1. Compute the separation of the alpha-carbon centres of the stretch 620-650 and the stretch 359-400 and state it in Å as a whole number.
2. Any chance you could check the Cα centroid distance between the stretch 594-608 and the stretch 416-485 for me, in angstrom?
3. For a quick check: sort Glu182, Glu635, Glu166 by the number of other beta carbons within 10 angstrom, fewest at the front.
4. Which of the trypsin sites (Lys or Arg not before Pro) found in the stretch 571-662 are loop residues per DSSP with 13 or fewer other Cβ atoms within 10 Å of their Cβ?
5. How about the stretch 26-120: which trypsin sites (Lys or Arg not before Pro) there lie in a loop by DSSP and see at most 12 other Cβ atoms within 10 Å?
6. To the nearest 0.05, what FRET efficiency results for Trp37 and Ser620 with a Förster distance of 51 Å applied to their C-beta separation?
Amino acid sequence: MSSLSDARIKELYANFDEGRGAGWEKWLADATAHLEWAQALTDAELRAPEIQRRLWTETGLGTAGPAENLPITQLPGDPTLTELYLLVRHEALPPDASPRAQRLEALYAAIRNRAQGLLPGNMPHTRLRRLMMSLRPQELHCGFSDASLGDTRDLLVGRKVSGQVEGACLARARLREVLGEEEDLRAHAVRATFCWWLHENRDVVEKGGSKGPNPPWTGERIYQLWQSDLAQAAYCEGLAETTISTYRQAVNSVLTALRASHGDQPVDLEADVLGAITQQWGRGATPQTVNGYRLKWNRWAHIANTLGLPLRPLSTVQLPFLDEVAPAAAVEPTLAELRARFQADNDAGKLIFPPAMVRGLYAAWSFHPRKRFALLSGLSGTGKTELLKHTARLTCEHMGLDENNHVALIAVNPDWRDPSGLLGHLSTLHNPPTFHAEAALRLVLRAANDPGRPYFLLLDEMNLAPVERYFAPFLSAMESGTDLLLHGEDDEVNGVPPRVAWPSNLRIGGTVNMDETTYPFSDKVLDRAFTFEFWEVNIEALFDTRDPDGPTEEAAQAALRALQAQLVPIRRHVGYRALTEALDWIATCHQHDPDAPMHELIDEAVFAKVLPRLRGSESSALSTALAQIQKVCVEHKLSRCQAKVQQMAARLTETGVTGFWS
């Protein structure tokens, strides 16, 4: 490929910068004002989450198309990203164009990789490029999409480069070489949008002629507009006198032109789009890509309907191949392979549980073609959540999948009384309505669009809220195989369809702790799940994993071993987490205060970590246990604990009920 000559660039720039009308001046004023605001920010202001949120969402430089709908709530305020923003802003880049462009590309990649690790879904690349231009306006331009970046690079650079930001930086360097240095931020805004204009007019630019009349408004041409950033495409087509900044304005402009050529006759455009999407599938597009096309068309169709043009939304019925199983990058691990990964993994290998637990969870998530639901109940601190997390992670690693996209760990809130905590909710306060999607719903939609690979929804402390209420749609859909209902609108809202077919590749795991603060399960829940109980604590296996530390560790282990033996019969024993933390706390105290008597440190640790679990009503088992625990305390010189247990025993005799806090 060959780039434009210097003379041609000067000619195009002179024509571009003249006679653009009121709309152009308004856009230029908005873009300049945004750059002035961004450049005036102090470093302290740039560190503020609300400022970073504005940088991600501000449209003064132009819209980012469908990427505007991608969530970025996890990004503002992240300390790693904040330091990268400051690097982009302040780093003294090399003076030569190529190394400067490569360095900027490296900074872009660092931000992208960090952001991708924080986000549950797709990465908003175009919004990130817009943010970087706000911080470094002299290096980038308003071509934020892959297509516009590629066209601008071809026309101004004339060669392939490794990255999109690198190409944009080289394009701006070429303009500076031909047109001279920019005088101010307004000049940067002008040159930035000139790059977008070159992309939109590439055919005319390369032919060397002037732009002729607009071609006929065919379905194919509408489809081409729809594929690009519709708002800016419509502006560059000359469809409006003022700046177009929203899809609604863009579609309205297109419909105005359509009515001028077709009158009030319906225009059957969805057939063109349907054919184009089907063709993309035939070329090997993934289900996610194809469904993204469908959702994008449906957003446009919804706006078009409100403006008077009857465009049909596209459903999976019209795209039956979306129901086909997508070929997975790799097969799921066998039970033997999963066990081998547990043993070899540094983190998972430290878990202590019977081998049958891995087998049971593996089978619960694979024996049924649709119901893949497991409940892990029992003693707190025995590794229930860790077993779920590591099983999901090791499965993803075996298959080469991104854990961030395939696993969602959701903490159940005690105030959940309906499904909105998982599925989100529709807001009718806006016109048109909007939908707030929760992380669980985003995982469900990804699973539905990618049926060939597993997804894992992990619910921590599942019975802190009434499961039958907030989980009812999941229970019904997984049992019957019917669609999961999301809202009552006819079309997608913010990319969320009214319903979605139950994803049979969705594995659900919930942890359960049974005490006075939780809700019991009904048979409706239990019938749909396999339940595994975690009550046994292999205290010797835990002690064997710890580094020997002479008499300090031995004394603490001996006391905990004796206490645990008395707590097990009344099911008030402690799990691995509490035991480990007690031993670590004792070791830390001894390290910083080596002269402190060991029995005092053990006494304090047991009082803080073990005794608070003691409670119950009058029974021979509890009375016996309290008496035996007092003997253990005397034997190991745990005077404070011995006094506390004695008080609890007396209260049990007096009232018939006792507890650490009573």
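1. The two parts, judged by their Cα centres, are 39 Å apart.
2. One Cα centre to the other: 48 Å.
3. Listed from fewest to most nearby Cβ atoms, that is Glu635, Glu182, Glu166.
4. Loop-located and lightly packed - Arg571.
5. Qualifying residues, ordered by number: none.
6. Values: r = 75 Å, r/R0 = 1.47.
Using R0 = 51 Å, I get an efficiency of 0.10.
Each value in this text was obtained by applying a stated rule to the coordinates, not by laboratory testing. Keep in mind the model is a prediction, meaning the values are calculated, not measured. Because the Cβ atoms are built from the backbone with ideal geometry, glycine has one as well, and the counts that use them run over all protein chains shown.
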